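What follows is a short report on a single structure.
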Amino acid sequence: MRADLALVGFGNVGRRFARLLEERRDWLSLDYDLDCRVVGIATRHHGSVFRDSGIDAVASAVSVEGGHPLTEGGAPLADGTLDVIHRLSSTDAPLKVLIETTTLDIEAGQPAIDYVRDALQAGCHAVTANKGPAAFAYEELSALAYDRDVSFLFEGVVMDGVPIFNLVRESLPAVEITGFRGVLNSTTNHILSALEDGEGFDAALQRMQEMGIAEADPSLDVDGWDAAAKTSALANVLMRARMTPQAVDREGIGPATARLAMAAKARGARVRLVASAQRTAQGVVTSVRPVELPETDLLAGLRGMANALVLQTDLLGEIAVSQLGGSLTQTAYALVSDLVTIRRRQRSGPHGAGPGRSL
Ligand SMILES: NC(=O)c1ccc[n+]([C@@H]2O[C@H](COP(=O)([O-])OP(=O)(O)OC[C@H]3O[C@@H](n4cnc5c(N)ncnc54)[C@H](OP(=O)(O)O)[C@@H]3O)[C@@H](O)[C@H]2O)c1
């Protein structure tokens, strides 16, 4: 079955996804009868292109990486992102999917939410690695997807391609998630590991930037915003919290954290930036903050790029999922795995996921 894809955002994740699609083309075809064709690409500064008969997305990636506009490969110009989404909705493919990988906007999750909404309203499925849509508008977008009998999926939002939403949806039927706690941001975990080894905060942060792990503007990481957006997405999807990242009780890390980290280590403990949520009589209470943990705590043992999420459930106790190292390939894989979910749902008939578990 043919799936036409529009890639909105064509940065590190979008381009790795384009290549991974080619690397897994035979696999997707043989195992899932899924033949993906990129018909449109939209960016902020590199132009937008669309062609009904398909675009060579790998050649487009090479072109963008060489500092050239998307049109250089000969693909016809499109009139921006909304035009690309509109034209996707009018192809004759049985499956039409928006692949949204634009930059996170921590104020309101825009314009990613509008792009996903437009695609769903036009009858296209929407897959995103951007935290914005699930962190700010999960309830609205999942209801819209259900109404239009399409899917809104976002496995890459937390712990890249390691299954979290897939795990709950596919493997924990009729289990209630009552809370969670986790280490979800790699940059801050790297810095905390360095601090407890005696390195200064600024030096550790600079090293993370030189290694390409921290952002050039790392405030989204160190101030806890990235972890807050993931917390909001998890709480909205797994616990129906209806919240935004601004509602997370948030404290980041800074130079003063060095003393705490070293003192904790001297006591045989560890400081980690812990994201957590608990269902209470007042609703879902969430926080992101540096917490001193005993050495025996699973989260205390995470160093460097390692992340982990502990789900608290009513029937199975605590379930821990750990990721020992993240990568672009893992994030791109999350988008591929969401495509396969869409294909599986399409095979199992309308509303395969049901309204309650449309995650
Ligand atoms: N990198 C990771 O490992 C990772 C992991 C998990 C999740 N994510 C999430 O995945 C998303 C993409 O990450 P990335 O590393 O690929 O970022 P990136 O390299 O900065 O790429 C962002 C892309 O989005 C485009 N863009 C930005 N605003 C746009 C708009 N309004 N309309 C159309 N295109 C727009 C940019 O176009 P121009 O280049 O032309 O400006 C660029 O192609 C982010 O939301 C990020 O938080 C990333």
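Sorting the segments 20-31, 135-146, 219-230 by their mean number of nearby beta carbons within 10 angstrom, highest to lowest, gives 219-230, 135-146, 20-31. Which whole-number percentage describes the relative contact order of segment 250-349, with Cα contacts under 8 Å and a sequence gap of 6 or more? Relative contact order for segment 250-349 comes out at 18 percent.
Local charge for Gly317 was computed over the other residues whose Cβ lies under 15 Å away, with Lys and Arg +1 and Asp and Glu -1, and equals -2.
Taking label points 7 Å from Cα along the Cα-to-Cβ direction, Val340 and Arg44 give a separation of 3.2 nm. Beta bridges from DSSP with both residues in the chain: antiparallel share about 60 percent, rounded to the nearest 5. Of all lysines in the structure, the ones whose alpha carbon falls short of 29 Å from that of Lys131, not counting any fewer than 8 places away in one chain, are Lys96, Lys230.
Pairing the Cα long axis of helix 201-210 with the longest principal axis of the chain, what angle in degrees results, from 0 to 90 and rounded to the nearest 10? Its long axis makes an angle of about 20 degrees. Computed from the C-beta positions of Val175 and Leu82 and an R0 of 30 Å, the FRET efficiency is 0.15 to the nearest 0.05.
Residue ranges 115-123, 278-286 sort as 115-123, 278-286 when ordered by packing (mean number of other C-beta atoms within 10 Å per residue, highest first).
Mean projection of the Cα convex hull over all viewing directions, computed for segment 137-244: 8.4 nm². Per-residue Karplus couplings for segment 97-103, computed as 6.51 cos²θ - 1.76 cosθ + 1.60 with θ equal to phi - 60°, are listed in order as 9, 7, 10, 9, 9, 7, 5 Hz, Gly and Pro entered as x. With contacts taken as Cα pairs under 8 Å and at least 6 residues apart, segment 158-255 reaches a relative contact order of 27 percent.
The packing ranking, built from the mean of other Cβ atoms within 10 Å per residue, places the peptides 147-156, 264-273, 323-332 in the order 147-156, 264-273, 323-332, highest first.
The residues packed around Ala3, meaning those with a beta-carbon under 9 Å from its beta-carbon, carry a net charge of +2 if Lys and Arg are +1 and Asp and Glu are -1. Full extension of the chain between Ser90 and Glu140 yields a length gain of 15.6 nm, computed as 0.36 nm times the residue separation minus the alpha carbon distance.
Less than 5 angstrom separates the built amide H of Leu184 from those of Ala275, all sequence-distant by 5 or more or on a different chain. For Arg270, the shell of other residues with beta-carbons less than 13 Å away shows a net charge of -1, using +1 for Lys and Arg and -1 for Asp and Glu. Along the positive direction of the dipole of segment 85-195 (beta-carbon charges: Lys, Arg +1; Asp, Glu -1; about the Cα centre), which of Phe154, Gly109, Leu141 reaches farthest? Farthest towards the positive pole: Phe154. Measuring nothing but how far apart in sequence close Cα pairs (under 8 Å, 6+ apart) lie, relative to its length, the chain scores a relative contact order of 18 percent. For the chain, the longest principal axis of the C-alpha atoms and the axis of helix 131-148 are separated by about 40°.
Between Asp114 and Leu328, the contour length at 0.36 nm per residue exceeds the Cα-Cα span by 74.6 nm.
Going 7 Å from the Cα of Asp149 toward and past its Cβ, which residues in segment 78-118 have a backbone nitrogen under 15 Å from where you end up? The answer is 94-96, whose backbone nitrogens lie closer than 15 Å to the label point.
Charge dipole (Cα centre; +1 on Lys/Arg Cβ, -1 on Asp/Glu Cβ; no other charges) of the chain amounts to roughly 640 debye. Computed from phi, the 3J(HN,Hα) profile of segment 154-168 under the Karplus parametrisation 6.51, -1.76, 1.60 (θ = phi - 60°) reads 7, 4, x, 6, 10, 6, 6, x, 5, x, 10, 5, 4, 4, 5 Hz, with x in place of Gly and Pro. For Lys265, the aspartates and glutamates whose Cα comes closer than 15 Å to its Cα, not counting residues fewer than 8 places off in the same chain, are Glu196, Asp197, Glu199, Glu292, Glu295, Asp297. The helix-only estimate of mean residue ellipticity at 222 nm for the chain, built from DSSP H runs of length n ≥ 4 each weighted as -39500 (n - 2.57), is -12500 deg cm²/dmol after division by the residue total. For the pair Arg303 and Glu107, the difference between a 0.36 nm per residue extended length and the Cα-Cα distance amounts to 67.6 nm.
Taking the longest Cα principal axis of the chain as reference, the axis of helix 112-121 is set at about 40 degrees.
Any read-out appearing in this document is the output of simple, stated calculations on the displayed coordinates, not a laboratory observation. Small disclaimer: the values here were computed from a predicted structure and weren't measured. Glycine also receives a Cβ, built like all others from the backbone with ideal geometry; neighbour counts cover every protein chain displayed.
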